[in-house]
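Undergrad: Could you have a look at this structure, given as C-alpha cells, before my questions?
The values are calculated or read from the model by the stated rules, or taken from the named source; none is laboratory data. Owing to the predicted nature of the structure, the values given are computational and were not obtained by experimental measurement. Neighbour counts run over all protein chains shown; Cβ positions are idealised from the backbone, glycine included.
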Amino acid sequence: MSTMARIAVTVGVTTVFTAASTLSAAARTPEPKTPREFVALNSVDPTIIQEMRYVSAHNFIGERIDGYRQPVCILTRPAAEALHRAQRRLVRQGYSLKVYDCYRPQRAVDHFVRWAKDLSDERRKAEFYPRVDKSRLFEDGYIAEKSGHSRGSTMDLTIVPLPAVPAPPPRPGQESVPCYAPQAQRYPDNSVDMGTGFDCFDTLSHTDDPRVQGEQRAHRMLLKTALAAEGFVNLPEEWWHFTHKPELFPDTYFDFPVARRSVSGHRP
C-alpha cells in the first residue's frame, strides 16, 4: 500500500471515529436538572384528579407532546401547597380539582410552535379550533414562543363533582365535534360544564365571556373564586389557566422532562 493510500485510510477512519464520538457524546448529554423546589402534586395532595392531556393524543395537535414522558403533574412547592388548600375548600362543597397540565418543558412549547407553523397539519381543527384560521394562532395569542407553564407555577384545571366517576368512552365522531358544542355532544369529560372543553381555541373560552351564563358561568366563578382565595390569578382568555403568585421562578423557563424521576426524592 502506498503512503498516500495509508493516509487516506487513516483520515477516513479518523473522520468516522470523530462522528461516532460526537453522536455518543450527544447520547450521554444529561437531562436538565430539576430544582429541589419542584414536587409532584400527588405527593402534596393525592386527592386532586390528574388527566394529563399532553401525554395522550387527545389534544389540539393529535399526538403525545415532546417532553411528556409520564402522566404526572409537577409544580413548584408553593403552587402545589396552594392547590392543596383550594382542594380542601372545594371538597367541602362537593367538588374536586382536576388538572390537565402543570409544569410544561420548553421542548413541549417548541413542539407547539413547530406545529403551529405547519399550516398543512389540521388533524384536530374540527374539535379544538373550528372557527380560527390556523395561520392566526400566533397573532391571536393561542400559541407563543414561551409559556408561563415552563416556570412551574402555572396549571390548567377544572372541577369535577364528587363522587368522581370516570368519563364515558368517546363515541365515534366525537373528536370532530366542536369544543364549544353542548357538553353532551362534545368529547366526554367527567368535569362540570364550563361552556367549552379544555384548550378550546375560541373566544367562548374567555372566562368572563358574556355569552356564557347560568350554570356554566357559575362553575367558572366557583373555580376562579376558590383559586383566587389561595393566591392564583386567572388568565382572562382561558377559564382553565391559573398562575400562583408570587411565582417562585418568574424569569426562568425550565426544560427538564415531565417524569416521576425528575422530582424523585423531592419532599413536599
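Undergrad: Residues that are over 22 Å from His111 (Cα atoms) and either assigned by TED's automatic domain parsing to the domain that holds Gln87 or not acidic (Asp, Glu) (or both): does segment 142-157 have at least one?
TA: no
Undergrad: Another question, if that's okay. Please determine whether any residue of segment 243-256 is assigned by TED's automatic domain parsing to the domain that holds Arg124, among the polar types (S, T, N, Q), closer than 23 Å to Arg131 by Cβ and surrounded by 15 or more Cβ atoms within 10 Å (Cβ to Cβ).
TA: Start the filter on segment 243-256 by keeping residues that are assigned by TED's automatic domain parsing to the domain that holds Arg124, which leaves 243-256.
Filter again for among the polar types (S, T, N, Q), leaving 243, 252.
Okay, now just the ones that are also closer than 23 Å to Arg131 by Cβ, so none.
Among the residues of segment 243-256, not one is assigned by TED's automatic domain parsing to the domain that holds Arg124, among the polar types (S, T, N, Q), closer than 23 Å to Arg131 by Cβ and surrounded by 15 or more Cβ atoms within 10 Å (Cβ to Cβ), which makes the answer no.
Undergrad: Considering segment 152-179 alone, what residues qualify as being in contact with a strand residue (DSSP E or B) (Cβ under 8 Å, 6 or more places away or on another chain) and among the basic types (Lys, Arg)?
TA: The first filter runs over segment 152-179 and keeps only residues in contact with a strand residue (DSSP E or B) (Cβ under 8 Å, 6 or more places away or on another chain), leaving 152-162, 164.
Once the filter is applied, which keeps residues that are in contact with a strand residue (DSSP E or B) (Cβ under 8 Å, 6 or more places away or on another chain) and among the basic types (Lys, Arg), segment 152-179 yields nothing.
Undergrad: Which condition does Asp140 not pass, out of (1) closer than 24 Å to Cys102 by Cβ; (2) not in a helix (DSSP H, G or I), if it passes all the others?
TA: (1)
Undergrad: Taking Glu122, is it of a type outside the set (Lys, Arg), over 16 Å from the mean Cα position of the chain (by Cα) and at pLDDT 95 or above?
TA: Values: of a type outside the set (Lys, Arg): yes; over 16 Å from the mean Cα position of the chain (by Cα): yes; at pLDDT 95 or above: yes.
Criteria met by Glu122.
Undergrad: List, please: which pairs have Cβ atoms under 6 Å, are six or more places apart or on different chains, and start with a residue in segment 168-180 that is polar (S, T, N, Q) and end with one that is assigned to a helix (DSSP H, G or I)?
TA: These pairs meet every condition: Ser176/Ala126.
Undergrad: Quick check, is Ser191 surrounded by 16 or more Cβ atoms within 10 Å (Cβ to Cβ), assigned by TED's automatic domain parsing to the domain that holds Glu127 and touching a strand residue (DSSP E or B) at 6+ places or on another chain (Cβ under 6 Å)? Outline the logic, then answer.
TA: Working: surrounded by 16 or more Cβ atoms within 10 Å (Cβ to Cβ): yes; assigned by TED's automatic domain parsing to the domain that holds Glu127: yes; touching a strand residue (DSSP E or B) at 6+ places or on another chain (Cβ under 6 Å): yes.
Answer is yes for this residue.
Undergrad: If you go through segment 46-80 one residue at a time, how many are closer than 22 Å to Lys33 by Cα and either touching a helix residue (DSSP H, G or I) at 6+ places or on another chain (Cβ under 6 Å) or acidic (Asp, Glu) (or both)?
TA: Summing the residues that are closer than 22 Å to Lys33 by Cα and either touching a helix residue (DSSP H, G or I) at 6+ places or on another chain (Cβ under 6 Å) or acidic (Asp, Glu) (or both) in segment 46-80 gives 11.
Undergrad: For the structure I just gave you, tell me whether Val177 is closer than 24 Å to Asp193 by Cα and not acidic (Asp, Glu).
TA: Working: closer than 24 Å to Asp193 by Cα: yes; not acidic (Asp, Glu): yes.
Answer is yes for this residue.
Undergrad: Residues being free of Cβ contacts under 8 Å to residues at least 12 places away in the same chain, assigned to a loop (DSSP other than H, G, I, E, B) and farther than 16 Å from Gly197 by Cα: count how many of those fall in segment 208-234.
TA: 1
Undergrad: Is it the case, given these coordinates, that Ala218 is within 26 Å of Glu247 (Cβ to Cβ), of a type in the set (A, V, I, L, M), surrounded by fewer than 18 Cβ atoms within 10 Å (Cβ to Cβ) and modelled with pLDDT of 95 or more?
TA: No: the conditions fail for Ala218.
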